[in-house]
Amino acid sequence: MLGFEDRVAVAVSGGKDSLSLLHVLAKLERSFPKASLVAITVDEGIRGYRDEALKIAASNCRELGIEHEVVSFKELFGLTLDEVVKRLHRKRSESLTSCACCGVLRRKALNLAARKVGANKIATGHTLDDETQTILLNIFHGDVLRLAREKPVTDEVHPKLVQKIKPFCEIPEKETALYAYVRKIKFQSRPCPFASEALRNDVRAMLDKVEENRAGVKYTIFRSIERIRPALEELDKREGLTECSECGEPTSEKVCRTCQILKQMTRSA
Ligand code: SF4
Ligand code: ZN
């Protein structure tokens, strides 16, 4: 996942997974003088939640001596997530959820910020738990070809898309939490106020219950997808990415998902 001369942008939300990752990578980086790290925090604009996470992320970066870049939805897209959610409720939208909008906008914000700081990789703190939840969610949504694309190291498909890596993809969340406690890392434990809306919570509860009785199930799910991924990639012969006609960023459609969402939001203002 990592090269000797990489400039790695670590996506730091302020939670235990991303901060444990930042601390582990900071330790590794000391042995590789040509490599460098920069932390990126995306401020979605969630009142009473993100402000605390931002402070925690900043204090960890200061402690480790790591450059910290903060980008906000408001400055990039003109709307905070709180404003997006208000508009979604007004529209009574069932197809778009807060987390779906947040995910699309955050991916774009991270990519833009990583390019801005000259990173050639984005490292995220996704754990084994996140990965298995995402696998099941993609199946629940009938979006199985996504399983081919969401892998631990993404393909370099477009010069404007920074490659993503997930160094903790085989590490259970309990271990990243344990690492954070043992190393006395300060992290935000309060959940996002919109998290309860997500189907991901039901999937997480289900997987945790199965894992409790049959240890190793999460790892088996993860490895199963790794094994069949080459066959899925054969099925997922996508057309190459083009650039969005509105913002110029890489997309597989004429207009990228971010611009589609923002247009819908402006119409419903
Ligand atoms: Fe965004 Fe949903 Fe995560 Fe909250 S829980 S930060 S809304 S993706
Ligand atoms: Zn666009």
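Here is how the numbers come out for the structure above:
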| quantity | calculated |
| --- | --- |
| Some residue of the stretch 153-164 being surrounded by 17 or more Cβ atoms within 10 Å (Cβ to Cβ) and more than 17 Å from Thr251 (Cα to Cα) | no |
| Residue pairs meeting the criteria (Cβ under 7 Å; at least 6 apart or on separate chains; first among the polar types (S, T, N, Q), in the stretch 244-269; second modelled with pLDDT of 95 or more and surrounded by 19 or more Cβ atoms within 10 Å (Cβ to Cβ)) | Thr251/Cys244; Thr258/Leu105; Thr258/Lys108 |
| Given (1) more than 18 Å from Pro193 (Cβ to Cβ); (2) away from ligand 2 (no atom under 16 Å from the Cβ); (3) assigned to a helix (DSSP H, G or I); (4) not acidic (Asp, Glu), number of the condition Leu112 does not satisfy | (2) |
| Candidates Glu211, Glu173, Glu150 - the one that is among the acidic types (Asp, Glu), within 16 Å of the chain's Cα centre (by Cα) and at pLDDT 95 or above | Glu173 |
| In the stretch 30-42, residue nearest to ligand 2 (Cβ to nearest atom) [restricted to those that are assigned to a strand (DSSP E or B) and of a type in the set (Ser, Thr, Tyr)] | Thr41 |
| The stretch 230-243, subset open to solvent by less than 50 Å² (accessible area, probe 1.4 Å) and touching a helix residue (DSSP H, G or I) at 6+ places or on another chain (Cβ under 6 Å), residue modelled with the highest pLDDT | Leu232 |
| Helices (runs of 4 or more DSSP H) wholly inside the stretch 43-100 containing at least 3 residues that are free of Cβ contacts under 8 Å to residues at least 12 places away in the same chain and loosely packed, with under 15 Cβ neighbours inside 10 Å | 50-64 |
| Helices (runs of 4 or more DSSP H) lying entirely in the stretch 177-269 (those with 2 or more residues that are more than 16 Å from ligand 2 (Cβ to nearest atom)) | 199-213, 217-235 |
| Which numbered condition Arg223 fails, given (1) open to solvent by less than 70 Å² (accessible area, probe 1.4 Å); (2) under 21 Å from the mean Cα position of the chain (by Cα); (3) away from ligand 1 (no atom under 16 Å from the Cβ); (4) under 14 Å from Glu131 (Cα atoms) | (1) |
| Residue that is nearest to Val85 (Cα to Cα), among those in the stretch 250-261 that are surrounded by 19 or more Cβ atoms within 10 Å (Cβ to Cβ) and more than 16 Å from ligand 1 (Cβ to nearest atom) | Cys259 |
| Residue tally, condition assigned to a helix (DSSP H, G or I) and either modelled with pLDDT under 95 or crowded, with 17+ Cβ neighbours inside 10 Å (or both), over the stretch 116-135 | 8 |
| Qualifying residue in the stretch 166-174 (condition: away from ligand 1 (no atom under 16 Å from the Cβ), in a helix (DSSP H, G or I) and of a type outside the set (Phe, Trp, Tyr)) | yes |
| Filter result for Asn201 (of a type in the set (S, T, N, Q) and closer than 30 Å to Gly48 by Cβ) | yes |
| Filtered residues of the stretch 176-188 (kept if away from ligand 1 (no atom under 14 Å from the Cβ) and touching a residue at least 24 places away in the same chain (Cβ under 8 Å)) | Thr176, Ala177, Tyr179, Ala180, Arg183, Ile185, Lys186, Phe187 |
| Filter result for Ala205 (within 16 Å of ligand 1 (Cβ to nearest atom) and surrounded by fewer than 13 Cβ atoms within 10 Å (Cβ to Cβ)) | yes |
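The values are calculated or read from the model by the stated rules, or taken from the named source; none is laboratory data. Every value quoted in this text rests on a predicted model; they were computed, and no experiment measured them. Here Cβ is always computed from backbone atoms with ideal geometry, including for glycine, and neighbour counts include all displayed protein chains. Side chains are part of the model used for accessible areas, which takes the heavy atoms of the whole protein and leaves out ligands, DNA and RNA. Shrake-Rupley method; radii C 1.70, N 1.55, O 1.52, S 1.80 Å.
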